[in-house]
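Comments concern the structure below.
The values are calculated or read from the model by the stated rules, or taken from the named source; none is laboratory data. Here the structure is a predicted model, which is why all the values come from computation and not from measurement. Note that we place each Cβ from the backbone using ideal geometry, even for glycine, and neighbour counts take in every protein chain shown. Each accessible area value is taken on the protein alone, full model and side chains, heavy atoms only, with ligands, DNA and RNA left out. Shrake-Rupley method; radii C 1.70, N 1.55, O 1.52, S 1.80 Å.
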Amino acid sequence: MSVSSADTEAFLSHDYKKTILIVRYGELSLKSKGVRDRYEQILKNNIQQMLDYCGVQYSQVQRDFGRIFVHTEDIGAAAAVSRVFGVVSVSSAYTCSSVPEDITSLCAAVGAADIGSGETFAVRARRSGNHSFTSNDIAKECGDAIWNQLTENGKTPAVDLKNPDKEIFVEVRQKQSYIYFDALKGPGGFPTGTQSKMVVLLSGGIDSPVAAWLMMKRGVEIIPVFFDNEEYGNPISTEKAIENAKVLLRWMPGRKHKIYRINHGKYMEKMMATAHPKNICLLCKRSMFKTAGAVMKKEGASGIITGSSLGQVASQTAENMLSETYGLSLPLYHPLIALDKQEIIDIAQKIGTFDISIRSNGEKECLAVPDKPEVKALLTAAADEENKMDFDLDAFIQKMVEDAEIIEVKF
């Protein structure tokens, strides 16, 4: 099929449109057949939920031999699907039959429309199914067709297989073939809902939203828990924590979510009346773990996520983290443990929580932090401080959970 330069744009707009998304996934393809089928179905459902949430028009989402295909002409579809956990990449593609003449004609048309004069190009082809041609055969034929079309249109084509200006990808399947130019990167990981629910200790800071997002990337559905230190805290911290939670939950729409707001100020008051000032941060964090454990039990969750990064603040030295958890039987997850601050900031900027987290009203986030906090606590230091308290801590924690404000949201 030959297309003049003047008619190329009109030809594409009328005869060829990007009518399908090719959705690729990674790790879940390594699972056994039964697990893979289940994960793929969850991924398909999550894609549909994200498309619906983003208001994208589509006719069908289907699974087919290591790919998921979304039938849509909506220009916003690829961006929406690229936010779904489990998706490695997504491409908006032109389609045709798997007859070689149809493939080369389509490549000639789209190549002529996209490749400028003097630009180099390369064709990358792959195929699956039974065909009378190889991937190299179809790549060569498509390259020749594009070259001829560009030449006929008065352009000066050039092939560069190593570092081309434009790459045209051809994916041939048994009956249908797909041609596209690029791939939009997704978050990867596992689809939301393939792992158990977990409680996340979420603050208004930079770190904990990133920790939550990284565990969401592993298939976890989060239950955010924010500790409001009331008179010992800053009201803006509460606002930021709730906003961060909602940003995170928009990454997994179509579900009902809960955000717990724990009134922690009364505990802080009681604890500070007996604790040595240098151990306040140890006890504060230990009480958060215990309270999160009670929420975890109530919600039937299976873990607690923290934003701890080793050595970043006083409560996160190795000695202090050990003392904070001494004697506790809780499944704690620290996805940031080996990341430095800049790595964490980079992720926060990518996922949309950074600007919220750095917002400030000029006041301290926590007024209870001592001038010289303990950084090398003895193993039993936190537990020993708890034993000095003159109230039933377990009952107090249970009451905090019962009295918690539960914010229900659905996107």
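At-a-glance table
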read-out	value
Filtered residue count, the range 50-75, keeping only those that are open to solvent by 60 Å² or more (accessible area, probe 1.4 Å) and either in a helix (DSSP H, G or I) or of a type in the set (D, E) (or both)	3
Identity of the residue in the range 240-272, out of contact with any strand residue (DSSP E or B) (no Cβ under 9 Å at 6 or more places or on another chain) and part of a loop (DSSP other than H, G, I, E, B), that ends up least open to solvent (accessible area, probe 1.4 Å)	W251
Tabulated pairs, the range 138-153, first under 15 Å from R127 (Cβ atoms), second among the hydroxyl-bearing types (S, T, Y), C-beta under 6 angstrom, 6+ apart or interchain	E141/T104; C142/T104
Near pairs, Cβ below 8 angstrom, 6+ apart or cross-chain, from the range 301-328 (under 17 Å from F227 (Cβ atoms) and free of Cβ contacts under 8 Å to residues at least 60 places away in the same chain) to any residue that is of a type in the set (K, R) and surrounded by 17 or more Cβ atoms within 10 Å (Cβ to Cβ)	S315/K285; E324/K285; E324/R286; T325/R286; L328/R286; L328/K290
Qualifying residue in the range 26-35 (condition: charged (D, E, K, R), under 15 Å from the mean Cα position of the chain (by Cα), surrounded by fewer than 18 Cβ atoms within 10 Å (Cβ to Cβ) and not in a strand (DSSP E or B))	yes
Test for K33: is it basic (K, R) and at pLDDT 95 or above	no
Selection within the range 168-180 - open to solvent by 10 Å² or more (accessible area, probe 1.4 Å) and either among the hydroxyl-bearing types (S, T, Y) or at pLDDT 95 or above (or both)	F169, Y178, Y180
Verdict on L282 being hydrophobic (A, V, I, L, M, F, W, C), farther than 22 Å from P235 by Cβ and either open to solvent by 50 Å² or more (accessible area, probe 1.4 Å) or not in a helix (DSSP H, G or I) (or both)	no
Candidate set: the range 104-131, residues that are in a helix (DSSP H, G or I) and open to solvent by less than 10 Å² (accessible area, probe 1.4 Å); chosen: the one nearest to D165 (Cα to Cα)	G111
Cross-chain or 6+ apart pairs with Cβ under 7 Å, the range 26-46 first and farther than 12 Å from F85 by Cβ, then of a type outside the set (A, V, I, L, M, F, W, C) and open to solvent by 70 Å² or more (accessible area, probe 1.4 Å)	E40/R63; K44/R63
One residue from S177, S237, S203 being of a type in the set (S, T, N, Q) and either within 23 Å of G86 (Cβ to Cβ) or assigned to a loop (DSSP other than H, G, I, E, B) (or both)	S203
